[in-house]
Amino acid sequence: MTTSIMANGRAYRVPQAPTMVLTVDGGDPEYFRDALERGQMPRLAAMLTDGGQMRLGASEMPSLTNPNNLSIVTGVSPALHGIPGNYCRLPDGSLQLLNSPEFLRAPSIHSVMHGAGVPCLMVTAKDKLRRLLGHGNVPSVSVEKVHEHSLATDYGIDDIETLVGRPAPGVYDFGASHYAMEIGLAVFRANPHVRLMYVSLTDRVQHAFGPGTPQSDEYLAELDRLLGEYLDEGFVVGITADHGMSAKHGAEGDPNVIYLADHLDRAGIVFDEVVLPITDPYVKHHGALGSFAWVYLPESARARAIDLLSATAGIEEIYGREEAASIFEHPADRIGDLAIVAGAATALGTRSSEHDLTGLHGPLRSHGGRHEQLIPLIVSHPVTGDLKTRFDANTLRSRDVHELVLNHLAQTT
């Protein structure tokens, strides 16, 4: 077997020890800081004491699930892998959920490894990611649709729930993330030759509860216990997040939302469409309200729109298409004429009549903007080599986590 592979212009060492990258959906660094300070995550604390390291990094913008998971597994920006949001408008004017492999423009590290004969596994909580992450015939399974999936061809496993030992919870269940981790452990224990595993969780808890709450403590305690099981099995581990999380509501719990289409209508500004890239099938999490939006409008209306939105409290950044493609490293053909970024406490919507918030788990907590871009970078062994300076300076991105884990840990050099 080859000792390294090239993926998207970068060389990655083939792992000799079982290696797992865990993406904690909505895993704002404050959850980990708070839990460690109060002794809620003893296995993580022990890993850090024994040579592991924890630093900060940045996610891609918008700080959403799909673009960041794809950057993490490809090691490149949305401009190269082609997924700038969960949802976008294509050049033909159609609106599309970006859940299908046909929208990908770069292979994952795992698909290249798999093609080279390295045993890989992708596990997700949300099925919306599974088809993207499994592209290239990478063995993949989601908690949400586990009963429809089989790993028989690669790992001789047809009934995953029987292997785990219990039925899968629903995707909105608090335990869906833990079940994803359990799948990874169960497959490895049945097939110890698995070498590269990616496990992506769901942010059900983070959308409803902040750091330090009893519900968050319970979630993190179980995550910590399962992390300990991976460590006990000899895994090299990297942990990051696709985005952070912020409260988008006032003191009484009322959502703090700027409905952009309503706002532009009231000002008499002609526009074609407002597109919210946070849009996905899981409306109970956020009601399609996040802190990033694209606006499509005639060139003649852009100056007035920029003036209006610049003067609107809660909006922090506005860029034209070319600026946004450069600043955010986006594919220019899949973004709007204007990119709008809101502040930490503000979400963006289309029209108030188009958002049903009755199904939210609680007061609106969401993401998508700069204030949810901060993420943790946690590794089980000391970082060495030419990424160490940037790692210690907190200037890496979540998309660097596979290079860290595969190329720059003391255990792997």
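The values are calculated or read from the model by the stated rules, or taken from the named source; none is laboratory data. Remember, predicted model here, so these are calculated numbers, not experimental data. Cβ placement follows ideal geometry from the backbone for every residue including glycine, while neighbour counts extend to all protein chains displayed. Just so you know, the surface numbers come from the protein's heavy atoms only, side chains and all, with ligands and any DNA or RNA stripped out. Shrake-Rupley method; radii C 1.70, N 1.55, O 1.52, S 1.80 Å.
Points to keep in mind about this one:
- Share of carbon and sulfur in the accessible area of the range 1-83 stands at 52%, probe radius 1.4 Å.
- Whole-number D in µm² s⁻¹ for the range 157-294, Kirkwood Cα-pair radius fed into Stokes-Einstein, 4 °C, 1.567 mPa s: 71
- Taking the helices alone, the chain has a mean residue ellipticity at 222 nm of -8500 deg cm²/dmol, built from -39,500 (n - 2.57) per DSSP H run of at least 4 residues and averaged over all its residues.
- Put Glu329, Glu299 in order of accessible area, highest first, and with a 1.4 Å probe you get Glu299, Glu329.
- Sites Glu222 and Ser353, calculated FRET efficiency, Cβ-Cβ separation with R0 41 Å, nearest 0.05: 0.55
- Pairs of Lys residues in the chain that lie 8 or more places apart, or on two chains, and have C-alpha atoms under 22 angstrom apart add up to 6.
- Solvent accessible area, Å² - Leu374, 1.4 Å probe, full protein context: 80
- What the phi angles of the range 395-400 give under the Karplus curve with 6.51, -1.76 and 1.60, with θ = phi - 60°, is a coupling list of 10, 7, 10, 4, 5, 8 Hz, glycine and proline written as x.
- Charge-dipole axis of the range 17-76 as Lys and Arg at +1 and Asp and Glu at -1 on Cβ define it, positive-most pick from Pro18, Leu70, Leu44: Pro18
- Rounded FRET efficiency, nearest 0.05, which uses the C-beta distance separating Ala116 from Glu322 and R0 of 45 Å: 0.75
- A full extension of the chain between Ser4 and Gln215 corresponds to an added length of 71.8 nm, given 0.36 nm per residue minus the alpha carbon distance.
- Taking 0.36 nm per residue of separation and subtracting the Cα-Cα distance, full extension of the segment from Ala332 to Asp50 would add 97.0 nm.
- From the Kirkwood radius over Cα pairs of the range 336-413, Stokes-Einstein at 10 °C and 1.306 mPa s returns a whole-number translational diffusion coefficient of 99 µm²/s.
- Percent of alpha-carbon pairs separated by more than 19 Å within the range 159-206: 28
- Taking amide H atoms as placed 1.01 Å from N in the peptide plane, the amide H of His249 lies under 5 Å from those of Asn256, each 5 or more residues away in sequence or on another chain.
- Stretchable slack from Thr395 to Thr312, in nm (0.36 nm times residue separation minus alpha-carbon distance): 26.8 nm
- For the range 50-203: Kirkwood Rh in Å [reciprocal of mean 1/r, alpha carbons]: 16.3
- Solvent-accessible surface (1.4 Å probe) assigned to Cys120 amounts to roughly 0 Å².
- In this structure the amide hydrogen of Gly349, modeled in the peptide plane, comes within under 5 Å of the amide hydrogens of Ile258, Tyr259, Leu260, none closer than 5 places in sequence on its chain.
- Whole-Hz couplings from phi, Karplus 6.51/-1.76/1.60, listed for the range 22-28; x for Gly and Pro: 10, 9, 8, 4, x, x, 3
- Per-selection metrics, the range 109-197 (Cα): Rg and Dmax in Å: 12.1, 37
- D (Stokes-Einstein, µm²/s), Kirkwood Cα radius, the chain, 0.890 mPa s at 25 °C: 114
- Annotation: amide H of Asp272 within the under-5 Å range of Tyr296, Leu297, sequence separation 5 or more or interchain, hydrogens built in the peptide plane.
- Only Lys, Arg (+1) and Asp, Glu (-1) charged, at Cβ; the range 257-331 dipole about Cα centre in debye: 220
- Quotient of Cα Rg and 2.2 N^0.38 Å for the range 51-105, N being how many residues it contains: 1.31
- 3J(HN,Hα) along the range 218-234, derived from phi through the Karplus expression 6.51 cos²θ - 1.76 cosθ + 1.60 where θ = phi - 60°, amounts to 5, 4, 5, 5, 6, 4, 5, 4, 6, 4, x, 5, 4, 4, 5, 7, x Hz, with x in place of Gly and Pro.
- When Thr240, Thr213 are compared by accessible area at a 1.4 angstrom probe, the order from most to least is Thr213, Thr240.
- For the range 265-380: rounded, prolate or oblate by the Cα gyration tensor [a/c cutoff 1.5]: oblate
- When the chain is described by a simple charge dipole with +1 on each Lys and Arg Cβ and -1 on each Asp and Glu Cβ, the residue from Phe391, Gly165, Leu220 located farthest towards its positive end is Phe391.
- Think of each Lys and Arg Cβ as +1 and each Asp and Glu Cβ as -1; about the Cα centre, that makes the dipole of the chain roughly 700 debye.
- Of the whole protein surface, Lys145 contributes about 70 Å² of accessible area at a 1.4 Å probe radius.
- Label-point gap, in nm, between Val270 and Ser150 - each point 7 angstrom along Cα→Cβ: 5.7
- When Rg and the Kirkwood Rh are both derived from Cα coordinates, the Rg/Rh ratio for the range 1-77 amounts to 1.03.
- Order of exposure, largest accessible area first, which applies to His355, His193, His367 with probe 1.4 Å: His193, His355, His367
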